[in-house]
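The values are calculated or read from the model by the stated rules, or taken from the named source; none is laboratory data. This one's a predicted model, so the numbers in the text were calculated from it and none came from an experiment. Neighbour counts are summed over all protein chains in view; Cβ atoms, including those assigned to glycine, are modelled from backbone coordinates with ideal geometry.
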Amino acid sequence: MRRKFTLGVRLGALAACMPAVALVPGVAAHAADIPLAIIGPHEYDLPVDFKPFNVVVQYGDGNAAGSVYDSGGQRRARGGSHTWSGMTKYVHFRSFDAIPHVSFAFELIQSEAYTLANGQNWGGLGTTIVGPAAWFKPNKHSTLGIQTFMETPSGTRDSMAMHYWANLSSIIFDYEWKHFSFDGDLGSVVSSTKHRNGEHSYSAGNVFYTNLRFSWKASSRFEPFFSLDWQNSGGMHDNTSNLWVANSSSRETALGVGAMIYVTKRLSITPRYSHSVEGRNVAETNAYYMKIAYLF
């Protein structure tokens, strides 16, 4: 039953390094969006030396960020936003005889989102994310690899576009015990300079993040798990004015619980709830996630 061939990328994974949005007076808070927070257990429990196959994954989440963390790390029960997000992903997996015991995947991801904040709402298709991953198995119980993705600056609406290129790269790992599993990643996000006609030029700060999943294999069809997601984002620099944007650096840690449900050998559903436990200059995470994966 345990075939979890799905590499994961969080919808809008690079949004954490976008310009801050003033949600309340004196508080500049980023969107509540930790890179790769959508991943579930066994996200990187991957095979080697196999025949090519494909996976389609649909991610979805809703975040009711009714509060924000200010520059001093205090939680303020005002401001915030409501977001509903989706991500449709196609992954092609393959191995090469010329490179034994190492396997590869290529992902094509299209994001979708709807946001309600400050009395305004907008939605549509967001950026497109593409990139490869490669991994090997140090032993039969573990997986270790790397992945790197480029995110385009475009979107169907101006508010859905980042207006700069960004790269997300991370180390991925997984270890399997008989009754438990530990899965996760550790990486960074770097971006190009943001240029828009008639506006100042900005450089986004680098983002560092990690996503950890620890699960209990309760049965062949049901697997509850615990999640930890963390990010730290550097400040935004106004290149035109040669000044740092006040309160534009941010940090957040979120904890969550969920379950991976195996409907069939090829179909799994993974719901989860997650909430911030600390942060700075960020809208809180108060989110539910859903992942549906189908192997064919």
Determine whether S154 is farther than 30 Å from D97 by Cα and in a helix (DSSP H, G or I). no
Can you tell me which residue among S154, S181 is over 26 Å from F104 (Cβ atoms) and among the small types (G, A, S)? S154
Report whether or not S170 is more than 25 Å from D45 (Cβ to Cβ) and either touching a helix residue (DSSP H, G or I) at 6+ places or on another chain (Cβ under 8 Å) or of a type in the set (S, T, N, Q) (or both). no
Among what's in the stretch 148-184 and is within 14 Å of the chain's Cα centre (by Cα) and touching a residue at least 40 places away in the same chain (Cβ under 8 Å), pick the residue that is nearest to A37 (Cα to Cα). G184
Six or more apart or on different chains, Cβ under 9 Å: which pairs go from a residue in the stretch 197-219 that's touching a residue at least 40 places away in the same chain (Cβ under 8 Å) and among the small types (G, A, S) to one that's surrounded by fewer than 19 Cβ atoms within 10 Å (Cβ to Cβ) and not in a loop (DSSP other than H, G, I, E, B)? Could you list them? A204/V190; A204/H237; G205/H237; S215/F180; S215/F182; S215/P224; S215/F226; S215/A259
Index of the failed condition, G123 passing every other in (1) out of contact with any strand residue (DSSP E or B) (no Cβ under 6 Å at 6 or more places or on another chain); (2) surrounded by 15 or more Cβ atoms within 10 Å (Cβ to Cβ): (1)
Give the residues of the stretch 85-111 that are surrounded by fewer than 15 Cβ atoms within 10 Å (Cβ to Cβ) and either closer than 28 Å to A254 by Cα or free of Cβ contacts under 8 Å to residues at least 40 places away in the same chain (or both), sorted by residue number. Y90, F96, D97, A98, I99, F106, L108
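Answer yes or no: is there a residue in the stretch 224-240 that is small (G, A, S), touching a residue at least 24 places away in the same chain (Cβ under 8 Å) and touching a helix residue (DSSP H, G or I) at 6+ places or on another chain (Cβ under 7 Å).
Narrowing the stretch 224-240 to residues small (G, A, S): 227, 233-235.
Keeping just the survivors that are touching a residue at least 24 places away in the same chain (Cβ under 8 Å) gives 227, 233-235.
Filter once more, keeping what is touching a helix residue (DSSP H, G or I) at 6+ places or on another chain (Cβ under 7 Å): 233.
Scanning the stretch 224-240 turns up at least one residue that is small (G, A, S), touching a residue at least 24 places away in the same chain (Cβ under 8 Å) and touching a helix residue (DSSP H, G or I) at 6+ places or on another chain (Cβ under 7 Å).
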Report whether or not A133 is within 26 Å of T152 (Cβ to Cβ), at pLDDT 95 or above and small (G, A, S). yes
Could you tell me which of the residues L168, L116 is crowded, with 17+ Cβ neighbours inside 10 Å and assigned to a strand (DSSP E or B)? L168
Restrict the check to the stretch 86-94 and report whether at least one residue is modelled with pLDDT under 90 and either among the charged types (D, E, K, R) or on the phi < 0 side of the Ramachandran plot (or both). yes
Would you say G79 is modelled with pLDDT under 85, surrounded by 15 or more Cβ atoms within 10 Å (Cβ to Cβ), more than 20 Å from the chain's Cα centre (by Cα) and not aliphatic (A, V, I, L, M)? yes
Please list, ordered by first then second residue, the pairs with beta carbon atoms under 6 Å, 6 or more apart or interchain, first in the stretch 134-145 and part of a loop (DSSP other than H, G, I, E, B), second surrounded by 18 or more Cβ atoms within 10 Å (Cβ to Cβ) and β-branched (V, I, T). K137/T143
What do you reckon, is Y273 of a type in the set (F, W, Y) and either in contact (Cβ under 8 Å) with a residue 24 or more places away in the chain or in contact with a helix residue (DSSP H, G or I) (Cβ under 7 Å, 6 or more places away or on another chain) (or both)? no
Tell me yes or no: at least one residue of the stretch 204-212 is of a type in the set (G, A, S) and under 18 Å from the mean Cα position of the chain (by Cα). yes
